[in-house]
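See structure below.
The values are calculated or read from the model by the stated rules, or taken from the named source; none is laboratory data. Note that this is a predicted model, so its numbers are computed, not measured. Cβ coordinates were reconstructed from backbone atoms using ideal geometry, including for glycine residues, and neighbour counts include every protein chain displayed. These area figures cover heavy atoms from the full protein model, side chains too; ligands, DNA and RNA do not enter into them. Shrake-Rupley method; radii C 1.70, N 1.55, O 1.52, S 1.80 Å.
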Amino acid sequence: MLADYSAGSMICLQRATGSMLLPSRVSQIHILTEKSRFWGALLLVGTLLKYRRDCLLMSSTVYINGWLGLLKRIGYLKSPLVVRESTSTFLIYRGLKKITYELAYRAGYTAADLVICQTDLMREQFVQHNPFIAAEKIVVLPNPIDLKTIYDKGDNACDCANSKYICAAGRLIPLKGFKFLITAFKKIADDFPDLKLIILGDGPEKDSLLNQIEILKLRDRVILKGFIENPYPYFKNAKACVVSSSKEGFPNVLLQMMALNNHVLSTRCAGDVGKIPGIVTIEPNNSEELASGLKQVLTMKNEGIRNLFDIYLNNRNPELYLKEIYAHLQTTRQLAIKIG
């Protein structure tokens with residue numbers, strides 16, 4: 001989004017299928033390989049040659065953040081480096097995965113000029129688990145959102161435009177809480193006989209969810225649509241939109257739903273979700289509470305909600321986000337000079 005907004009360059013380690021990354025203004029897109037991400041990481045070194053100095057480098061996955069930081073530690077990169085935490089690593093991961101992330105933090109994050117966390121809770125956890133990284137360069141910046149693109153794509157045709165349905169979206173993995181959502185929908189299905197539940201996305205839990213749908217006799221009421229390149233018309237035409245995740249860094253899909261729909265329900269799966277005005281929030285992993293929340297969001301009145309959502313979302317535009325990054329970089333560099 002930021003590369004698109006600033007007409008900058010974007011580097012992708014690996015070409016993936018089914019991607020929603022369709023930038024219109026990015027000046028250059030480098031797709032390094034169709035092989036493995038590891039091979040892409042090696043090719044990245046040469047690709048970065050023209051960006052070594054006088055550029056703002058940004059990355060948003062832990063392993064790449066660590067790799068870029070390591071390249072900066074050894075003096076290969078001279079440009080300012082901003083790394084963003086994409087999820088709450090220390091809440092979600094355990095075992096070997098967590099250990100490899102911790103190695104990435106130690107290897108490269110100390111060289112980053114700025115570390116962006118999405119919420120206060122994420123920053124608190126990050127500071128607690130990484131005391132070797134200077135706390136003054138770990139800042140909180142809520143995710144930006146490209147409202148124009150969402151509005152434009154939301155007006156496209158939708159095969160469910162004439163149906164009554166609840167919409168959810170995300171990878172079909174346990175963390176997204178779709179099993180709880182389907183169970184909750186079963187509890188309210190008799191009260192809303194014309195209503196369906198549509199889940200957009202694909203993933204390893206698909207067969208398990210289909211089996212659950214069969215057991216609960218919801219074959220005609222719960223629809224797994226698979227990967228949808230443009231989910232926005234589904235959000236716009238739904239009777240309500242739902243985020244059912246157990247844990248998230250911060251669910252961007254929640255912002256997208258708020259942009260297009262006045263009836264939005266979310267679990268408190270990330271820091272600051274409970275502070276969003278106008279949405280209905282519940283505890284995660286609780287089908288009883290989720291069923292109650294569904295009833296509430298389906299019957300709530302719209303008075304004033306659109307205005308609350310618009311004010312909240314307009315404060316998250318890419319221009320403001322970039323300005324805050326530059327302001328924080330200036331502050332942290334001044335601190336580094338004083339400390340030095």
Does any residue in the range 312-334 that is touching a residue at least 24 places away in the same chain (Cβ under 8 Å) and within 24 Å of residue 136 (Cβ to Cβ) come within less than 7 Å, Cβ to Cβ, of a residue that is open to solvent by 50 Å² or more (accessible area, probe 1.4 Å) and of a type in the set (D, E, K, R) six or more places away or on a different chain, and which pairs are these?
332/136
Give me the residue from the range 215-241 that is among the β-branched types (Val, Ile, Thr) and within 17 Å of residue 203 (Cβ to Cβ) and, out of that set, surrounded by the most Cβ atoms within 10 Å (Cβ to Cβ).
222
The correct count of residues that are within 24 Å of residue 186 (Cα to Cα) and open to solvent by less than 10 Å² (accessible area, probe 1.4 Å) in the range 242-252 is 4
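Check whether at least one residue in the range 61-69 is in contact with a strand residue (DSSP E or B) (Cβ under 7 Å, 6 or more places away or on another chain) and more than 30 Å from residue 273 (Cα to Cα), and report yes or no.
Yes, because at least one residue in the range 61-69 is in contact with a strand residue (DSSP E or B) (Cβ under 7 Å, 6 or more places away or on another chain) and more than 30 Å from residue 273 (Cα to Cα).
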Any residue at all in the range 205-212 that is part of a loop (DSSP other than H, G, I, E, B) and at pLDDT 95 or above?
yes
Check whether at least one residue in the range 210-218 is closer than 21 Å to residue 174 by Cα, touching a Ser or Thr at 6+ places or on another chain (Cβ under 9 Å), of a type outside the set (A, V, I, L, M) and without any contact (Cβ under 8 Å) to a residue 24 or more places away in the chain, and report yes or no.
no
Would you point out which residue out of 127, 139 is closer than 24 Å to residue 246 by Cβ and either touching a strand residue (DSSP E or B) at 6+ places or on another chain (Cβ under 7 Å) or in contact (Cβ under 8 Å) with a residue 60 or more places away in the chain (or both)?
127
Members of the range 309-340 found to be at pLDDT 85 or above and among the hydrophobic types (A, V, I, L, M, F, W, C), listed by number
309, 311, 313, 320, 322, 325, 327, 329
Confirm whether residue 52 is in contact with a strand residue (DSSP E or B) (Cβ under 9 Å, 6 or more places away or on another chain), modelled with pLDDT of 90 or more and open to solvent by 50 Å² or more (accessible area, probe 1.4 Å).
no
If you check every pair at least six apart or on different chains, which have Cβ atoms under 6 Å apart with a residue in the range 27-48 that is without any contact (Cβ under 8 Å) to a residue 12 or more places away in the chain first and a residue that is open to solvent by 80 Å² or more (accessible area, probe 1.4 Å) second?
none
I need the full set of residues from the range 223-272 which are in a loop (DSSP other than H, G, I, E, B) and among the aromatic types (Phe, Trp, Tyr), in order please.
227, 250
Extreme residue, nearest to the chain's Cα centre (by Cα), among residues of the range 321-334 that are open to solvent by less than 70 Å² (accessible area, probe 1.4 Å) and not β-branched (Val, Ile, Thr):
321
